[in-house]
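Colleague: Please see the structure below; I have some questions.
The values are calculated or read from the model by the stated rules, or taken from the named source; none is laboratory data. Because the structure is predicted, anything quoted here is derived from the model rather than measured. Positions of Cβ are generated from backbone atoms using ideal geometry, with glycine treated the same way; all protein chains shown enter the neighbour counts. For the accessible areas, the whole protein counts, side chains as well, though only heavy atoms, and no ligand, DNA or RNA atoms are used. Shrake-Rupley method; radii C 1.70, N 1.55, O 1.52, S 1.80 Å.
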Amino acid sequence: MFEVDEIITRALREDIGTGDVTTRATVPPGRQARAQLVAKDDFVLCGIEVARQVFSRLDPDICFEALKSDGSRVGRGEVLAWLKGDAAQLLQGERVALNLLQRMSGIATTTAAYVAAVTGSNATIVDTRKTMPGLRVLDKYAVRIGGGQNHRTSLYDGVLIKENHIAAAGGIVPAVQRARTQVPHTLKIEVETRDLDEVRQALEVGADIIMLDNMNLEQMGEAVTLIGDRALTEASGGVNLDRVAAIAATGVRLISVGALTHSVRAADISLLFT
(Lines give C-alpha, C1' and ligand atoms only; values in the text may rest on other atoms or scores of the structure.)
Protein backbone atom coordinates (compact mmCIF):
# COMPACT_ATOMS: atom_id res chain seq x y z
CA MET A 1 0.00 0.00 0.00
CA PHE A 2 2.77 2.44 0.94
CA GLU A 3 4.70 1.72 -2.27
CA VAL A 4 1.58 2.38 -4.37
CA ASP A 5 0.99 5.64 -2.51
CA GLU A 6 4.54 6.71 -3.28
CA ILE A 7 4.19 5.80 -6.96
CA ILE A 8 1.02 7.87 -7.29
CA THR A 9 2.51 10.81 -5.41
CA ARG A 10 5.63 10.85 -7.59
CA ALA A 11 3.61 10.53 -10.79
CA LEU A 12 1.24 13.37 -9.88
CA ARG A 13 4.13 15.61 -8.80
CA GLU A 14 5.92 14.86 -12.08
CA ASP A 15 2.86 15.63 -14.23
CA ILE A 16 1.30 18.57 -12.41
CA GLY A 17 4.43 20.28 -11.16
CA THR A 18 3.58 23.86 -10.21
CA GLY A 19 0.09 23.58 -11.70
CA ASP A 20 -1.99 22.62 -14.72
CA VAL A 21 -1.82 25.83 -16.75
CA THR A 22 -4.29 24.62 -19.40
CA THR A 23 -7.00 23.74 -16.90
CA ARG A 24 -6.44 26.94 -14.93
CA ALA A 25 -6.80 28.96 -18.10
CA THR A 26 -9.92 27.26 -19.47
CA VAL A 27 -12.04 25.70 -16.71
CA PRO A 28 -14.01 27.91 -14.30
CA PRO A 29 -13.20 27.21 -10.62
CA GLY A 30 -15.63 24.81 -8.97
CA ARG A 31 -17.04 23.45 -12.25
CA GLN A 32 -18.43 19.95 -11.72
CA ALA A 33 -18.16 17.21 -14.33
CA ARG A 34 -19.07 13.61 -14.99
CA ALA A 35 -16.73 11.26 -16.87
CA GLN A 36 -16.33 7.63 -17.77
CA LEU A 37 -13.41 5.28 -18.33
CA VAL A 38 -14.00 3.43 -21.58
CA ALA A 39 -12.23 0.40 -23.07
CA LYS A 40 -11.07 1.05 -26.63
CA ASP A 41 -9.86 -2.52 -27.12
CA ASP A 42 -10.32 -6.06 -25.75
CA PHE A 43 -8.11 -6.81 -22.72
CA VAL A 44 -7.82 -8.10 -19.17
CA LEU A 45 -8.47 -5.21 -16.79
CA CYS A 46 -5.92 -4.47 -14.08
CA GLY A 47 -5.35 -1.38 -11.95
CA ILE A 48 -8.86 -0.06 -11.49
CA GLU A 49 -8.30 0.55 -7.77
CA VAL A 50 -4.99 2.26 -8.52
CA ALA A 51 -6.86 4.61 -10.85
CA ARG A 52 -9.36 5.27 -8.07
CA GLN A 53 -6.51 6.17 -5.70
CA VAL A 54 -5.08 8.68 -8.18
CA PHE A 55 -8.28 10.72 -8.17
CA SER A 56 -8.81 10.25 -4.44
CA ARG A 57 -5.33 11.65 -3.78
CA LEU A 58 -6.24 14.81 -5.69
CA ASP A 59 -9.73 15.18 -4.24
CA PRO A 60 -11.29 12.78 -1.72
CA ASP A 61 -14.73 14.05 -2.73
CA ILE A 62 -14.48 12.68 -6.28
CA CYS A 63 -16.98 9.87 -6.75
CA PHE A 64 -15.41 6.86 -8.51
CA GLU A 65 -17.79 4.00 -9.30
CA ALA A 66 -15.95 0.99 -10.70
CA LEU A 67 -18.14 -1.18 -12.93
CA LYS A 68 -15.45 -3.82 -13.57
CA SER A 69 -12.90 -5.42 -11.26
CA ASP A 70 -9.30 -6.45 -11.79
CA GLY A 71 -9.10 -9.70 -13.75
CA SER A 72 -12.26 -9.01 -15.76
CA ARG A 73 -12.08 -9.54 -19.50
CA VAL A 74 -13.51 -6.42 -21.09
CA GLY A 75 -14.41 -5.60 -24.66
CA ARG A 76 -14.14 -2.52 -26.83
CA GLY A 77 -16.73 0.08 -25.87
CA GLU A 78 -17.38 -1.19 -22.35
CA VAL A 79 -17.51 1.37 -19.56
CA LEU A 80 -15.06 0.49 -16.79
CA ALA A 81 -15.97 3.20 -14.28
CA TRP A 82 -17.96 6.38 -13.77
CA LEU A 83 -16.42 9.46 -12.16
CA LYS A 84 -18.04 12.61 -10.84
CA GLY A 85 -16.49 15.63 -9.18
CA ASP A 86 -14.49 18.79 -9.63
CA ALA A 87 -13.64 19.07 -13.33
CA ALA A 88 -10.19 20.52 -12.71
CA GLN A 89 -9.19 17.64 -10.46
CA LEU A 90 -10.50 15.06 -12.93
CA LEU A 91 -8.44 16.66 -15.69
CA GLN A 92 -5.30 16.77 -13.57
CA GLY A 93 -5.56 13.11 -12.62
CA GLU A 94 -6.54 11.84 -16.06
CA ARG A 95 -3.09 11.14 -17.54
CA VAL A 96 -1.56 9.55 -14.45
CA ALA A 97 -4.58 7.31 -13.88
CA LEU A 98 -4.62 6.22 -17.52
CA ASN A 99 -0.86 5.64 -17.72
CA LEU A 100 -0.95 3.25 -14.77
CA LEU A 101 -4.23 1.57 -15.70
CA GLN A 102 -3.22 1.04 -19.33
CA ARG A 103 0.20 -0.40 -18.51
CA MET A 104 -1.13 -2.73 -15.82
CA SER A 105 -3.95 -3.96 -18.08
CA GLY A 106 -1.45 -4.54 -20.88
CA ILE A 107 0.74 -6.69 -18.62
CA ALA A 108 -2.24 -8.67 -17.33
CA THR A 109 -3.48 -9.26 -20.88
CA THR A 110 -0.10 -10.42 -22.17
CA THR A 111 0.39 -12.68 -19.17
CA ALA A 112 -3.04 -14.24 -19.68
CA ALA A 113 -2.10 -15.08 -23.28
CA TYR A 114 1.05 -16.89 -22.15
CA VAL A 115 -0.82 -18.74 -19.41
CA ALA A 116 -3.46 -19.87 -21.91
CA ALA A 117 -0.73 -21.11 -24.27
CA VAL A 118 0.66 -23.54 -21.68
CA THR A 119 -2.67 -24.76 -20.33
CA GLY A 120 -2.61 -28.53 -19.88
CA SER A 121 1.12 -28.66 -19.15
CA ASN A 122 2.90 -28.63 -15.78
CA ALA A 123 4.59 -25.33 -16.56
CA THR A 124 3.98 -22.08 -14.72
CA ILE A 125 4.54 -18.69 -16.33
CA VAL A 126 6.64 -16.37 -14.16
CA ASP A 127 7.94 -12.85 -14.57
CA THR A 128 11.44 -11.37 -14.21
CA ARG A 129 13.07 -8.23 -12.80
CA LYS A 130 12.77 -6.59 -16.23
CA THR A 131 10.14 -4.21 -14.92
CA MET A 132 9.69 -0.46 -15.36
CA PRO A 133 11.93 1.24 -12.78
CA GLY A 134 9.82 2.50 -9.92
CA LEU A 135 6.75 0.50 -10.97
CA ARG A 136 7.81 -3.03 -10.02
CA VAL A 137 5.14 -3.55 -7.38
CA LEU A 138 2.42 -2.67 -9.92
CA ASP A 139 4.03 -4.66 -12.76
CA LYS A 140 4.27 -7.80 -10.65
CA TYR A 141 0.73 -7.39 -9.32
CA ALA A 142 -0.49 -7.20 -12.93
CA VAL A 143 1.32 -10.46 -13.74
CA ARG A 144 -0.58 -12.18 -10.92
CA ILE A 145 -3.88 -10.75 -12.14
CA GLY A 146 -3.09 -12.21 -15.58
CA GLY A 147 -2.67 -15.68 -14.05
CA GLY A 148 1.11 -15.79 -13.86
CA GLN A 149 3.33 -15.96 -10.79
CA ASN A 150 6.14 -13.78 -9.55
CA HIS A 151 9.79 -14.74 -9.64
CA ARG A 152 11.94 -13.08 -6.98
CA THR A 153 10.79 -9.55 -6.28
CA SER A 154 14.22 -7.94 -6.11
CA LEU A 155 17.86 -8.78 -5.45
CA TYR A 156 17.22 -9.23 -1.74
CA ASP A 157 14.71 -12.10 -1.72
CA GLY A 158 16.33 -14.85 -3.73
CA VAL A 159 19.72 -16.17 -4.84
CA LEU A 160 20.05 -16.35 -8.62
CA ILE A 161 23.61 -17.13 -9.67
CA LYS A 162 24.01 -15.97 -13.26
CA GLU A 163 26.90 -16.23 -15.71
CA ASN A 164 28.67 -13.12 -14.42
CA HIS A 165 28.43 -14.32 -10.81
CA ILE A 166 29.83 -17.67 -11.94
CA ALA A 167 32.70 -15.99 -13.77
CA ALA A 168 33.52 -13.77 -10.79
CA ALA A 169 33.31 -16.67 -8.32
CA GLY A 170 35.45 -19.02 -10.40
CA GLY A 171 32.77 -21.49 -11.45
CA ILE A 172 29.38 -22.93 -10.56
CA VAL A 173 30.61 -25.18 -7.76
CA PRO A 174 32.50 -22.53 -5.77
CA ALA A 175 29.69 -20.01 -6.37
CA VAL A 176 27.04 -22.29 -4.89
CA GLN A 177 29.29 -23.50 -2.09
CA ARG A 178 30.00 -19.94 -1.02
CA ALA A 179 26.33 -19.01 -1.28
CA ARG A 180 25.44 -21.87 1.08
CA THR A 181 27.64 -20.34 3.76
CA GLN A 182 26.35 -16.80 3.26
CA VAL A 183 22.56 -16.96 2.94
CA PRO A 184 19.89 -18.22 5.35
CA HIS A 185 18.38 -21.66 4.86
CA THR A 186 15.05 -20.06 3.97
CA LEU A 187 16.40 -18.80 0.62
CA LYS A 188 16.57 -21.17 -2.33
CA ILE A 189 19.62 -21.09 -4.57
CA GLU A 190 19.09 -20.95 -8.32
CA VAL A 191 21.84 -21.38 -10.91
CA GLU A 192 21.80 -20.31 -14.54
CA THR A 193 23.14 -22.98 -16.90
CA ARG A 194 23.85 -22.88 -20.63
CA ASP A 195 24.57 -26.52 -21.47
CA LEU A 196 24.37 -30.04 -20.05
CA ASP A 197 27.85 -29.86 -18.51
CA GLU A 198 26.79 -26.84 -16.45
CA VAL A 199 23.56 -28.61 -15.52
CA ARG A 200 25.63 -31.52 -14.15
CA GLN A 201 27.75 -29.11 -12.11
CA ALA A 202 24.65 -27.46 -10.66
CA LEU A 203 23.26 -30.88 -9.74
CA GLU A 204 26.56 -31.96 -8.20
CA VAL A 205 26.63 -28.98 -5.86
CA GLY A 206 22.93 -29.26 -4.95
CA ALA A 207 21.30 -26.23 -6.54
CA ASP A 208 17.61 -25.92 -5.63
CA ILE A 209 16.56 -24.49 -8.98
CA ILE A 210 18.34 -24.88 -12.30
CA MET A 211 17.70 -22.33 -15.02
CA LEU A 212 18.06 -23.59 -18.59
CA ASP A 213 19.16 -20.44 -20.34
CA ASN A 214 18.69 -20.01 -24.09
CA MET A 215 18.77 -23.75 -24.74
CA ASN A 216 17.11 -25.21 -27.80
CA LEU A 217 14.18 -27.57 -27.28
CA GLU A 218 16.26 -30.72 -27.65
CA GLN A 219 18.83 -29.55 -25.10
CA MET A 220 16.06 -28.46 -22.76
CA GLY A 221 14.36 -31.86 -22.93
CA GLU A 222 17.64 -33.64 -22.20
CA ALA A 223 18.32 -31.33 -19.27
CA VAL A 224 14.85 -31.91 -17.78
CA THR A 225 15.38 -35.67 -18.00
CA LEU A 226 18.83 -35.41 -16.44
CA ILE A 227 17.59 -33.25 -13.57
CA GLY A 228 14.49 -35.31 -12.82
CA ASP A 229 13.13 -34.39 -9.41
CA ARG A 230 16.50 -33.36 -7.97
CA ALA A 231 15.85 -29.67 -8.63
CA LEU A 232 13.16 -27.36 -9.93
CA THR A 233 13.66 -26.49 -13.59
CA GLU A 234 13.19 -23.09 -15.22
CA ALA A 235 13.38 -22.18 -18.90
CA SER A 236 14.57 -18.70 -19.76
CA GLY A 237 15.63 -16.76 -22.84
CA GLY A 238 14.06 -16.62 -26.26
CA VAL A 239 10.55 -17.21 -24.92
CA ASN A 240 7.69 -15.89 -27.03
CA LEU A 241 4.07 -16.82 -27.64
CA ASP A 242 4.93 -18.85 -30.73
CA ARG A 243 7.41 -20.98 -28.82
CA VAL A 244 6.13 -21.15 -25.26
CA ALA A 245 3.87 -24.20 -25.72
CA ALA A 246 6.78 -26.21 -27.15
CA ILE A 247 8.96 -25.13 -24.23
CA ALA A 248 6.28 -26.27 -21.78
CA ALA A 249 6.12 -29.64 -23.56
CA THR A 250 9.74 -30.36 -22.58
CA GLY A 251 8.57 -30.76 -18.99
CA VAL A 252 10.11 -27.65 -17.43
CA ARG A 253 8.22 -26.42 -14.39
CA LEU A 254 8.81 -22.68 -14.69
CA ILE A 255 9.02 -20.49 -17.79
CA SER A 256 10.28 -16.97 -17.12
CA VAL A 257 9.20 -14.33 -19.62
CA GLY A 258 10.79 -10.88 -19.59
CA ALA A 259 8.38 -9.70 -22.29
CA LEU A 260 5.52 -9.72 -19.78
CA THR A 261 6.84 -6.45 -18.41
CA HIS A 262 9.74 -5.07 -20.44
CA SER A 263 8.03 -4.62 -23.81
CA VAL A 264 4.33 -4.92 -23.15
CA ARG A 265 1.74 -3.03 -25.24
CA ALA A 266 -0.46 -0.86 -23.07
CA ALA A 267 -4.20 -1.41 -23.25
CA ASP A 268 -6.22 1.32 -24.99
CA ILE A 269 -8.43 3.17 -22.49
CA SER A 270 -9.95 6.65 -22.60
CA LEU A 271 -11.41 9.00 -20.01
CA LEU A 272 -14.26 10.95 -21.58
CA PHE A 273 -16.38 13.72 -20.10
CA THR A 274 -20.10 13.16 -20.67
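Colleague: Counting Lys and Arg as +1 and Asp and Glu as -1, what is the net charge of the other residues whose Cβ lies under 12 Å from the Cβ of residue 63?
Modeller: Values: positive: 34, 52, 84; negative: 59, 61, 65, 86.
Its environment carries a net charge of -1.
Colleague: Any idea of the accessible area per residue across the chain, 1.4 Å probe, to the nearest Å²? Could you put the intermediate results ahead of the total?
Modeller: Working: 13670 Å² over 274 residues.
In whole numbers, the chain has 50 Å² accessible per residue.
Colleague: Against the longest principal axis of the chain, how steep is helix 2-16, in degrees 0 to 90 to the nearest 10, with axes from Cα atoms?
Modeller: Approximately 50 degrees, to the nearest ten.
Colleague: Moving on. For a quick size check, give me the Cα extents of the range 1-153 along its three principal axes, largest first, whole Å.
Modeller: In descending order, the Cα extents are 59, 31, 22 Å.
Colleague: How much space per residue, in cubic angstrom, does the convex hull of the C-alpha atoms of the range 170-233 take up? Before the final figure, lay out the partial values.
Modeller: Details: hull volume 4.7 nm³, N = 64.
Residue-normalised Cα hull volume stands at 74 Å³.
Colleague: Suppose only helical runs count, i.e. DSSP H with n ≥ 4. What mean residue ellipticity at 222 nm does that imply for the chain under -39500 (n - 2.57) per run, divided by all residues and rounded to the nearest 500 deg cm²/dmol? Let's see the in-between values first.
Modeller: Working: 11 runs with 121 residues, N = 274.
About -13500 deg cm²/dmol.
Colleague: Measure off, as a whole percent, the carbon and sulfur share of the 1.4 Å-probe accessible area of the chain, all protein chains present. Don't skip to the answer; put the middle values down first.
Modeller: On the way: 6790 of 13670 Å².
That share works out to 50 percent.
Colleague: Quick one: of the DSSP bridges fully inside the chain, what percent are antiparallel, nearest 5? Mind showing how you got there, number by number?
Modeller: Values: 18 of 36 bridges.
In the chain, DSSP labels about 50 percent of beta bridges as antiparallel.
Colleague: Collect residues whose amide H, placed 1.01 Å from N in the peptide plane, falls under 5 Å from the amide H of residue 214; neighbours closer than 5 in sequence don't count.
Modeller: Answer set, sorted by chain and number: 236, 237.
Colleague: Connecting C-alpha atoms closer than 10 Å in a GNM of the chain, tell me which of 173, 264, 126 has the biggest fluctuation.
Modeller: Answer for the Gaussian network model of the chain: 173.
Colleague: Would you please report the Å³ per residue occupied by the convex hull of the alpha carbon atoms in the chain? Provide the component values of the computation, followed by the final result.
Modeller: Numbers: hull volume 38.3 nm³, N = 274.
Once divided by residue count, the hull of the chain is 140 Å³.
Colleague: Taking a quarter of the surface of the convex hull around the Cα atoms of the range 148-271, what do you get in nm²? Intermediate results must be reported in sequence, preceding the final value.
Modeller: On the way: hull surface 37.4 nm².
Over every viewing direction, the Cα hull of the range 148-271 projects on average to 9.3 nm².
Colleague: Would you please give the residues with an amide H less than 5 Å from that of residue 41, counting only those at least 5 places away or on a separate chain, with H modeled from the backbone geometry?
Modeller: 76, 77, 268
Colleague: I need the phi-derived Karplus couplings for the range 182-195: 6.51 cos²θ - 1.76 cosθ + 1.60, θ = phi - 60°, integer Hz, Gly and Pro marked x.
Modeller: 10, 10, x, 5, 6, 9, 7, 10, 10, 10, 7, 10, 10, 7
Colleague: Moving on. May I ask for the net charge around residue 211, where only other residues with Cβ less than 9 Å from the Cβ of residue 211 are counted and Lys, Arg are +1 while Asp, Glu are -1?
Modeller: Numbers: positive: 162; negative: 190, 192, 213, 234.
Value of the local net charge: -3.
Colleague: Considering all alpha-carbon pairs of the range 1-83, what whole percent are spaced by more than 18 angstrom? Mind dumping the intermediate values first?
Modeller: Numbers: 1836 of 3403 pairs.
The answer is 54 percent, as a whole percent.
Colleague: Tabulate in residue order the Karplus-calculated ³J(HN,Hα) for the range 39-50, using 6.51 cos²θ - 1.76 cosθ + 1.60 with θ = phi - 60°, rounded to whole Hz; enter x for Gly and Pro.
Modeller: 6, 9, 7, 9, 6, 8, 6, 8, x, 5, 6, 5
Colleague: Enumerate the lysines that residue 68 could reach by cross-link, defined here as Cα to Cα under 28 Å, with residues fewer than 8 away along the same chain left out.
Modeller: 40, 84, 140
Colleague: Rounded to whole Å, give me the distance from the Cα center of the range 227-252 to that of the range 169-185.
Modeller: Between the Cα centre of the range 227-252 and that of the range 169-185, the gap is 25 Å.
Colleague: Oh, and also: Please list, short to long, the whole-number percent of alpha-carbon pairs of the range 121-206 in consecutive 5 angstrom bins beginning at zero.
Modeller: Computed distribution, short to long bins: 3, 12, 20, 18, 18, 15, 11, 3, 0.
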